[in-house]
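The values are calculated or read from the model by the stated rules, or taken from the named source; none is laboratory data. What you see is a predicted model, and the numbers here were worked out from it, not measured in a lab. Reconstructed Cβ throughout: ideal geometry from the backbone, glycine too, with neighbour counts over all protein chains shown. SASA here: full protein model, heavy atoms, side chains in, ligands and nucleic acids out. Shrake-Rupley method; radii C 1.70, N 1.55, O 1.52, S 1.80 Å.
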Amino acid sequence: MSFVLQVSIRIKPENVDAFMKKLDENARAARSEKGCRQFDVLVDPKDRTRLMLYEVYNDEAAFEEHQKGAAFKKYVAEAVPLLADRVRTVWKRVSP
């Protein structure tokens, strides 16, 4: 079973452009990781401050490796403070 992470994000309105640049760096790095199967960034078409990340990893160990990476650490340090809210939900995919 795959490890799936859904992250609901609300960006502070004044930080949208800066956050999106930092998120793009993290998403590109994650997509190149061996254990990452998918990393999608979805934006609410009516509200650009609302996003959802949909991340799929081979397993929880692959996600843990992702969190140890330089790109993720930079994202947490520089991008997360630009947010109004962030809620992470873990899922397990039951079919390949």
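Mind listing the phi-derived Karplus ³J(HN,Hα) values for segment 17-30, rounded to whole Hz, using 6.51, -1.76 and 1.60 with θ = phi - 60°, and x for any glycine or proline?
Result, rounded to whole Hz: 5, 5, 5, 4, 5, 5, 5, 4, 4, 5, 5, 4, 5, 4.
Determine the sum of side-chain charges near K73: Lys and Arg each +1, Asp and Glu each -1, restricted to other residues whose C-beta is under 14 angstrom from that of K73. Don't skip to the end; give the middle numbers.
Values: positive: K22, K68, K74; negative: E25, E33, E64, E65, E78.
Counting the neighbours of K73, the net charge comes to -2.
Given Cβ point charges of +1 (Lys, Arg) and -1 (Asp, Glu) and nothing else, what value in debye, to the nearest 20, does the dipole of the chain about its Cα centre take?
Dipole of the chain, to the nearest 20 debye: 60 debye.
Using amide H atoms built in the peptide plane, which far-off residues or other-chain residues are under 5 Å from L83 H to H?
Here the answer is K12, since their amide H atoms fall under 5 Å of that of L83.
Direction-averaged shadow area of the convex hull around the Cα atoms of the chain, nm²? It would help to have the intermediate numbers written out before the result.
Numbers: hull surface 23.8 nm².
With every direction weighted equally, the projected area is 5.9 nm².
At 222 nm, what value in deg cm²/dmol follows for the chain if DSSP H runs of at least 4 each add -39500 (n - 2.57) and the sum is divided by all its residues, to the nearest 500?
Working: 3 runs with 34 residues, N = 96.
My calculation for the chain gives -11000 deg cm²/dmol from helical runs alone.
In whole Hz and in residue order, list the ³J(HN,Hα) couplings for segment 40-49 that follow from phi through the Karplus curve 6.51 cos²θ - 1.76 cosθ + 1.60, θ = phi - 60°; x for Gly and Pro.
Once θ is set to phi - 60°, the couplings for segment 40-49 become 10, 10, 10, 10, 4, x, 9, 8, 6, 8 Hz.
Going 7 Å from the Cα of V7 toward and past its Cβ, which residues in segment 68-96 have a backbone nitrogen under 15 Å from where you end up?
Only 68-91 fall inside the zone, counting backbone N under 15 Å.
Treat each spin label as a single point 7 Å out from the Cα along the C-beta direction, and report the D59 to K92 distance in nm.
1.2
Can you give me the % of accessible surface on the chain that is carbon or sulfur? Probe 1.4 Å, all protein chains present, nothing else counted. Kindly include the intermediate steps, with their values, before the conclusion.
On the way: 3080 of 5910 Å².
Carbon plus sulfur share of accessible area: 52 percent.
If the cut-off is a Cα-Cα distance under 15 Å, which aspartates and glutamates reach K22, setting aside same-chain residues fewer than 8 apart in sequence?
E14, D40, E78
Would you mind working out the accessible area per residue for the chain, using a 1.4 Å probe, and quoting it in Å²?
Values: 5910 Å² over 96 residues.
I get 62 Å² per residue for this part.
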